[in-house]
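First the structure, in the form of structure tokens, and then the observations on it.
Laboratory data are not the source of any read-out in this text; all were calculated from the coordinates shown. Everything quoted here is computed from the prediction, not taken from an experiment. Note: ideal-geometry Cβ built from the backbone for every residue, glycine included; neighbour counts use all protein chains shown.
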Amino acid sequence: MLLLAITFVLIVSLMIVGLVELASNDLLTTSHLKSLRSLEYAGDGAVESAVQAVRYNPFAGFTGLCTPGTAPNRSVTIGPPNNASTLQVYCQGSPNATGRVVNFAACPLGSSDYGGCANKAVLLAQVTFDDYAINGATAPGTGITVNSWVVQTANH
């Protein structure tokens, strides 16, 4: 009888250890996902601010940094103080018949051009800016079309 009780206690103990291990793993995964989510939200906010920064300037967005701020290290810091992400947004664009098509790439600090940023981007977007009115007059940013908005995996 004593042997049966000891076996029962041992089996229950092993089950509890397994459950505790699973729970701790889930807690670690949850905190990691929160961190990735914060980075992806920061990328979203950084690109939105860059789109607005080049929207009304028909000469902006063709190449280089599009992040609003002071050159040469323009960046956007988004998020709560204990979990903020600092990103830069690079642009690459070209004119079309009615305005500009601009590609945006949001990435952590450290890139020096659009290609480098796009390789480790948190978010990639393509936006068409309609810079000309129906009568042909210049009207920068009167209309915009988001052609694509792709959130990349934040943990490259």
Exposure proxy ranking, count of Cβ atoms within 10 Å, fewest first, for L2, L65: L2, L65
Amide H partners (placed H, <5 Å) of G143, local residues excluded: D130
Full-extension gain in nm, F59 to V150, via 0.36 nm per residue minus C-alpha separation: 30.3 nm
